[in-house]
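All remarks here apply to the structure that follows.
The values are calculated or read from the model by the stated rules, or taken from the named source; none is laboratory data. This is a predicted model, so every value here is computed, not measured. Note: ideal-geometry Cβ built from the backbone for every residue, glycine included; neighbour counts use all protein chains shown. Heads up: the accessible areas ignore ligands, DNA and RNA and are worked out on the full protein's heavy atoms, side chains in. Shrake-Rupley method; radii C 1.70, N 1.55, O 1.52, S 1.80 Å.
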Amino acid sequence: MVGDLFAAPAAGFVRVALPVAVDGLFDYAVPAELADGAQPGRRVHVPFDSRQLVGVVVERLERPTAGAAGRLRSIDAVLDSHSVVSPMLIAILREEAARVLCPVGLALAAAMPPGSAPRQLERLALTPRGWSALRSGAATAGARPLLEVLAVGAAGEADLEREAPGSRQLLPVLEKDGLVARERRTAGPRVRPRTRRLLEHAPGLDLEAALAELARAPRQREVLRALAGGALAQRELTRRVPGAVRATAELARRGFLQTREELAPVEGGADFAEEEADVELTAEQAAALVRIEDAIRGRRPDRLLLHGVTGSGKTEVYLRAVAQALAEGRQALVLVPEITLTHQIVARLRARFGDRVSILHSGLRPGERLAQWELLRTGVTPIAVGARSALFAPLEDLGVIVMDEEHEPAYKNEEGFRYHARSLSAQRARAAGCPLVLGSATPSLETREAAARGEIERLVLSHRIGGRPLPVVELVDLERERALAPRGRKLLLSAPLRKALGETLEASAQAILFLNRRGFSTQILCFDCNEVERCKHCDISLVYHATEEQLLCHYCDYRIPPPEVCSACGSSQTGLLGVGTERLVEELRIQFPHARVARLDRDSASRRGVTEAVLADLARGRIDVLVGTQMVAKGHDFAGVRLVGVVNADLSLHFPDFRAAERTFQLLTQVAGRAGRGHLPGRVVIQTYAPEHYAIHPVVEHDYESFYREELAHRRTLGYPPFGHLAHAVVSGPDEAQTASAAQQLADPLRQASVCREGRVELLGPAPSPLARLRGRYRFQLLLKGSAFADVREAARGLQRGSARVPKGVRVTVDLQPIHML
């Protein structure tokens, strides 16, 4: 990194990680006035090429690294007064970034609290020469409007262009002539932690004397009494004492009250909170807990698989493990795969541990998330719960990491830093000296096979708590049902499922219907030319959404009104095919008009608070039937749900992905586990065209081991994980022929590389991706397969190096831990 010599001598050097697609760290000199602040883990503002970037100091140096130029540029500013990422986490992220071939700067950027860095703003200002030209009238007619804007005050380029159109073209000339100059200043972060105002008694208040003085002000007396138990937020005070706002203002004026600010907690979970009762552990729970607590006390980074059937009490084991970590004076991290699963587990954690819980996930507003991050950093809250990004929580003394539903694909980050939370969790646990508890009723094959090899210890919960039976599962053969149905009738609910729903509703019990397709209809088909209405940007059909009266692409959000005639041939003979959750709700309201039906999918849950409200209504018995996608399939525990119906079990079975059977079995087992979690037995009805398939039939007996053995045999034959390693590369571009050629140009030299010639890695492709066009870009894929991770990584590295030579506009992404192959 070459630049001008700085005027003052350097007080040392730093290596900085920058959020750029260049794999490496960058050396900078440290001016003497910044020497104390430029510490590892703090953000700095630095020049990079012609830009100004925010990076993270990774390490201090006495001299530049070998090969660095002698004329280093210096850092402009230190943006933090404390480290935002610890040396331990820096080391972990550097290791993982190298493993998955991600530039370290991008990995560290993923760990930063979004929007929290102070900003360096560049402004344009008039110089003395510019002022003189403006006052004397020497400025040209074209330049005068721009100079007049700057006479009011310094401004950014965008503001100038808005106030004086055409200024961007003039600026280089005016800067060269010395009429305008650029200046930088530090501004606050874009996001500030959300706070709340608390009201409390003034220091030294004599409550009895104050109440006597306020004998004729009953409302003010009520407020003082309400605050006798401690500080309250204004909203909570007003809830307890209606009309308290005016009273608090008067009490503050008289010196009886004071206010203070504190970081605001995230609301949530209260609607699911239940009275915490002493729970007697089953023998299996107790044995598992003894093993976990022993690892916590011994500060051992043991990896433990808590393999428990649905309803076996895994969450109670998690809670007691967290309690043990806190008893040791340490912290706890609880990961869940989806935002929708945080509500109940947050309620359980808060019922057990009060306000010592912080929530971290992408559904929070930026200010809320930053407040939670600060509460964890300052040690106010020792427990973090959230989705995969909670792995970056500032917890320096972890006593336990819990990863619930460890099999879920949502734990894989699919863009930028392509980490898997399971791998990163293991590294955090190893660095912290604490156990990692992986919980699931349907562990991933990789985790289950690692347990079989002895790399992970398996703790089994084979029975539901309280001796409750697992639900009875019935398979309905849709091929047979269709043959019995009247010709031309759409078969949404089979006779057995309709009957089961009727019996459930008669018994005043609740049901969940699972259909992993949102919208009303999955396509509009022309019966004359057999064409479907397709997205103009993606190679998929448009889905009809009745509530919006729109055809919608679920990938790029392209939307159009439903056409009256076929866009291909102009025929009016078109119709809706396929069924989504909206259509299923309509059918239920026709079949069961008195049932209270609700829907929960990505569309309905897009509005803040809807998911929690719907689940709360289900918990309170205000919903009879809940229709949903996989958002309702896992993690939820509602005692009133007696019936679960799966409308089409085959939707995920035939995906062009080697994990399709595993995902189908996991999804069906998980959704079936929502039934019968109360004191009354549950029932599950699964509609399928493939009742004998090895991913579906074992669900009847809740037989994970049978499915595991069958699927494992297929994977061993084909060399797929857990018996081999994969890398998946996608080449995409706006021109189909150019993109195909670029993919071939990447593949040809790799086939000649020793790692492929010697047979250590097999290269498949290039071939069109299953989603051959997405968001206007054509996509081709290459697959690398080998028995050794190091060999696959070496080959993937070759693809990555070759990507520097592809034509402009063509992008290459390489994923060393592919979860989705579309």
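Extension gain for residue 658 to residue 712 (0.36 nm times residue separation, less C-alpha to C-alpha distance): 18.3 nm.
Given charges of +1 on the Cβ of Lys and Arg and -1 on the Cβ of Asp and Glu, with all other atoms neutral, how large is the dipole of region 132-208 about its Cα centre, in debye to the nearest 20? Don't skip to the answer; put the middle values down first.
Numbers: 13 positive and 11 negative charges, 62 e Å.
Roughly 300 debye for region 132-208.
Among 412/785; 536/808; 176/808; 412/634; 499/634, which pairs are too far apart, with a Cα-Cα distance over 27 Å?
Values: 412/785 19 Å; 536/808 23 Å; 176/808 32 Å; 412/634 17 Å; 499/634 25 Å.
Distance filter (> 27 Å) returns 176/808.
Model label points for residue 279 and residue 560, set 7 angstrom from Cα along the Cα-to-Cβ axis, are 5.3 nm apart.
First check a/c for region 307-348, with a ≥ b ≥ c the square roots of the eigenvalues of its C-alpha gyration tensor; if it is under 1.5, answer rounded, and if not, answer prolate when a/b is larger than b/c or oblate otherwise. Mind showing how you got there, number by number?
Working: a/c = 2.31, a/b = 1.38, b/c = 1.68.
In terms of gyration-tensor shape, oblate.
For a modelled paramagnetic label at residue 262, 7 Å from Cα along Cα-to-Cβ, the residues of region 339-356 in reach, with backbone nitrogen under 20 Å, are 347, 349-356. Calculated accessible area for the chain comes out at 45 Å² per residue, all protein chains present (probe 1.4 Å; ligands, DNA, RNA ignored).
With r as the distance between the Cβ atoms of residue 506 and residue 195 and R0 = 60 Å, compute the FRET efficiency 1/(1 + (r/R0)^6) and round to 0.05.
Working: r = 51 Å, r/R0 = 0.86.
The computed FRET efficiency comes out at 0.70.
Taking 0.36 nm per intervening residue step and subtracting the Cα-Cα distance, what contour gain separates residue 163 from residue 396 on full extension? Please list the in-between numbers first.
Values: separation 233, 0.36 × 233 = 83.88 nm, distance 4.92 nm.
Value of the extension gain: 79.0 nm.
Set the Förster distance to 51 Å, then compute FRET efficiency between residue 173 and residue 748 from the Cβ-Cβ distance, nearest 0.05.
On the way: r = 49 Å, r/R0 = 0.96.
Efficiency computed from Cβ-Cβ geometry: 0.55.
Legend: residues 161, 213, sorted from most to least accessible area (1.4 Å probe; ligands, DNA and RNA excluded), read 213, 161. Placing a label point 7 Å from the Cα of residue 783 along the Cα-to-Cβ direction, the residues of region 412-449 whose backbone N falls under 18 Å from that point are 445-446. Hey, with R₀ at 35 Å, roughly what FRET efficiency would residue 254 and residue 52 work out to, going by the Cβ-Cβ distance, to 0.05? Approximately 0.10, to the nearest 0.05. Protection proxy ranking of 200-208, 148-156, by the mean of other Cβ atoms within 10 Å over each peptide's residues and highest first, is 148-156, 200-208.
Calculate for the chain the 222 nm mean residue ellipticity that helices alone would give, adding -39,500 (n - 2.57) per DSSP H run of length 4 or more and normalising by residue count, nearest 500 deg cm²/dmol.
Working: 25 runs with 264 residues, N = 822.
Result for the chain, helices only: -9500 deg cm²/dmol.
Taking amide H positions as modeled 1.01 Å from N, with prolines and chain starts lacking one, the residues under 5 Å from residue 20 and 5 or more places away or on another chain are 105, 106. Rounded to a whole number, what % of the accessible area of the chain do carbon and sulfur atoms account for, probe 1.4 Å? That share works out to 49 percent. Projecting label points 7 angstrom from Cα along Cα→Cβ for residue 455 and residue 380 puts them 4.1 nm apart.
Treating the beta-carbon of each Lys and Arg as +1 and of each Asp and Glu as -1, no other charges, what is the dipole magnitude of region 420-477 about its Cα centre, to the nearest 20 debye? Before the final figure, lay out the partial values.
On the way: 8 positive and 6 negative charges, 68 e Å.
Taking the Cα centre of region 420-477 as origin, the dipole is about 320 debye.
Measuring only protein heavy atoms, the 1.4 Å probe finds residue 569 accessible over about 70 Å². Where a ≥ b ≥ c are the square roots of the eigenvalues of the C-alpha gyration tensor, would you call region 591-748 rounded, which needs a/c under 1.5, or, failing that, prolate if a/b is larger than b/c, or oblate? Taking the square roots of the gyration eigenvalues as a ≥ b ≥ c, region 591-748 is oblate.
Classified by the C-alpha gyration tensor, region 369-438 has an oblate form. Its axis ratio a/c, with a ≥ b ≥ c, is 1.5 or above, and a/b does not exceed b/c. Sorted on the mean count of surrounding Cβ atoms within 10 Å across their residues, most packed first, peptides 405-411, 18-24, 247-253 read 405-411, 247-253, 18-24. Simple spin-label estimate for residue 131 and residue 705 gives 8.6 nm between the two label positions (7 Å along the Cα-to-Cβ direction from each Cα). Placing +1 on the Cβ of every Lys and Arg and -1 on the Cβ of every Asp and Glu, with nothing else charged, gives the chain a dipole about its Cα centre of roughly 1280 debye. Taking amide H atoms as placed 1.01 Å from N in the peptide plane, the amide H of residue 48 lies under 5 Å from those of 53, each 5 or more residues away in sequence or on another chain.
Full extension of the chain between residue 99 and residue 480 gives 132.1 nm of extra length, using 0.36 nm per residue less the Cα-Cα distance.
DSSP finds beta bridges in the chain, and of those with both partners inside it, around 60 percent are antiparallel.
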